[in-house]
Amino acid sequence: MSVVEYHTSDGIAYVKLNRPEKNNPLNRAVFDRLEDIWDDFCTDDDAHVAILYGAGDNFSTGFDLGEEIGALDEFNEEEIRRKNVDSSVGGLVRGKRIHKPVIAAIEGWCLAGSFETALACDIRVASETAKFGLYHVREGMPNADGGSVRLPLIAGLGNALELSLTGRHVTADRAKEMNIVNRVAPEGRALDYAERYAELILELPQEGVRAQKETIVETAAGGNLAHLLQYEGVLAYNGLVRETVVENARAFVEGKIDDRDQRLQSIGDAFAEL
């Protein structure tokens, strides 16, 4: 079974994160598979729009710290500057120029690096039970894969700071209010709604669609989007080298900070009800 499944049908490329038993976390195997998939999508003349979604009840809970904690120990500044400014999260976040539209269909949890992956998509559809959060800060980690660049462009500086500095999550309805989500669908129907967007796009001249996406993306952030993403990569991954980050990540994996996370959850839930 592939960690990410890919198939095409009637002009749509379906990209499914496929580790439902663990809520589709991201790891190196997922990144490597996604790299190949985006290459195939870009060169496939019969695929015009992609839909990224998760198997089971959740989109993805983010980076799999349980499997990848050792990677943090391996990081050093020289390696980061050499390797990590061009590509991450399977090439969608930075590194690849994908001029065909990509739609995210989000059910359940969409956290941390997977939230940043969704931000790299062009349209986001979320079910009414979806939840979004940048949980990096809970372990002392910075947004490393586009959250510090794309979220302010999409949601505005104030909303980006709110989510990034508090580490709390928001519902699909709140995410739509913040312009993070384009459409809220009934539970279990995010993929159906994403397909409706894809059908609209497929009715248009594809040369114009791709030129339109390229124009918008390449001129975002004053034409410096690629540079800013690279700069974020250097700064953020340098932050991951810090000993305290590694210690916090390991404590999370070992379940030693559950009480704090429960307090954060309780405070966040009470705040959401105000």
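The table that follows gives values for the structure above.
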item: Residue that is modelled with the highest pLDDT, among those in region 72-98 that are crowded, with 16+ Cβ neighbours inside 10 Å and either assigned to a helix (DSSP H, G or I) or over 16 Å from the mean Cα position of the chain (by Cα) (or both); result: GLY91
item: Filter pass, SER148 being among the polar types (S, T, N, Q), at pLDDT below 95 and in contact with a Gly (Cβ under 8 Å, 6 or more places away or on another chain); result: no
item: Residue list for region 183-194, restricted to those being in a helix (DSSP H, G or I), within 17 Å of ALA118 (Cβ to Cβ) and of a type outside the set (Gly, Ala, Ser); result: LEU191, TYR193
item: Matching helices (runs of 4 or more DSSP H) fully within region 108-173 where at least 2 residues are of a type outside the set (Asp, Glu) and over 14 Å from the mean Cα position of the chain (by Cα); result: 150-155, 157-166
item: Residue pairs meeting the criteria (Cβ under 7 Å; at least 6 apart or on separate chains; first in contact (Cβ under 8 Å) with a residue 40 or more places away in the chain and surrounded by 14 or more Cβ atoms within 10 Å (Cβ to Cβ), in region 207-235; second assigned to a helix (DSSP H, G or I) and basic (Lys, Arg)); result: VAL234/ARG81
item: Check on GLU21, among the charged types (D, E, K, R), in a helix (DSSP H, G or I) and closer than 21 Å to ASP122 by Cα; result: no
item: Breaking point among (1) buried (at least 17 other Cβ atoms within 10 Å of the Cβ); (2) at pLDDT 95 or above, for LEU200; result: (1)
item: Single residue of region 180-191 satisfying the filter (surrounded by 13 or more Cβ atoms within 10 Å (Cβ to Cβ) and not small (Gly, Ala, Ser)) that is nearest to LEU153 (Cα to Cα); result: ILE180
item: Count - residues of region 15-54 that are modelled with pLDDT under 95, over 14 Å from LEU92 (Cα atoms) and among the hydrophobic types (A, V, I, L, M, F, W, C); result: 1
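The values are calculated or read from the model by the stated rules, or taken from the named source; none is laboratory data. None of the values given here were measured: they were computed from a predicted structure. Note that each Cβ is placed from the backbone with ideal geometry, even for glycine, and that neighbours are counted across all protein chains shown.
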